[in-house]
Amino acid sequence: PAIQRAINDALAAGGGVVRIPRADKPYALRAGLTITGDNLVIDGDGATLRLADGASAGAIVDCIEVAGTDTDPADGVTIRGLVIDANYW
């Protein structure tokens, strides 16, 4: 939830950078992250995001979804330096 809050706060401010620092263990996601705006950089610096056990409940889960629309597509979204481990098996 903290990473999603940081994304939402940056988007509410009109964009920005969300830094996810490298850690000894992966960050466990209990739900996928959603980006619903423009001008956002997620800088992972080698950090790993991983779906937590049971997060998918057997369904397909997007670890990160960039959600624009036909009339208002998301623009200027960059994700760099981030490792995504979505192996829920």
For this session: Please indicate, with yes or no, whether at least one residue in region 7-23 is assigned to a helix (DSSP H, G or I) and under 11 Å from the mean Cα position of the chain (by Cα).
Result: yes
For this session: Say whether the condition of being surrounded by fewer than 16 Cβ atoms within 10 Å (Cβ to Cβ) and assigned to a strand (DSSP E or B) is met by at least one residue in region 54-63.
Result: no
Exercise. Can you name every residue in region 35-58 that is of a type in the set (A, V, I, L, M) and modelled with pLDDT of 90 or more?
Worked result: I35, L40, V41, I42, A47, L49
Exercise. Among the residues of region 24-51, which ones are part of a loop (DSSP other than H, G, I, E, B) and open to solvent by less than 20 Å² (accessible area, probe 1.4 Å)?
Worked result: G37, G44, A47
For this session: Pull up region 64-78, narrow it to residues that are charged (D, E, K, R) and surrounded by 12 or more Cβ atoms within 10 Å (Cβ to Cβ), then point me to the one that is farthest from I3 (Cα to Cα).
Result: D75
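The values are calculated or read from the model by the stated rules, or taken from the named source; none is laboratory data. Worth saying up front: this structure is predicted, and the values here are computed from it rather than measured. Methodologically, a virtual Cβ is constructed for each residue, glycine included, from the backbone with ideal geometry; neighbour enumeration extends over all protein chains shown. Remember, those area values only see protein heavy atoms, side chains included, never the ligands or the DNA or RNA. Shrake-Rupley method; radii C 1.70, N 1.55, O 1.52, S 1.80 Å.
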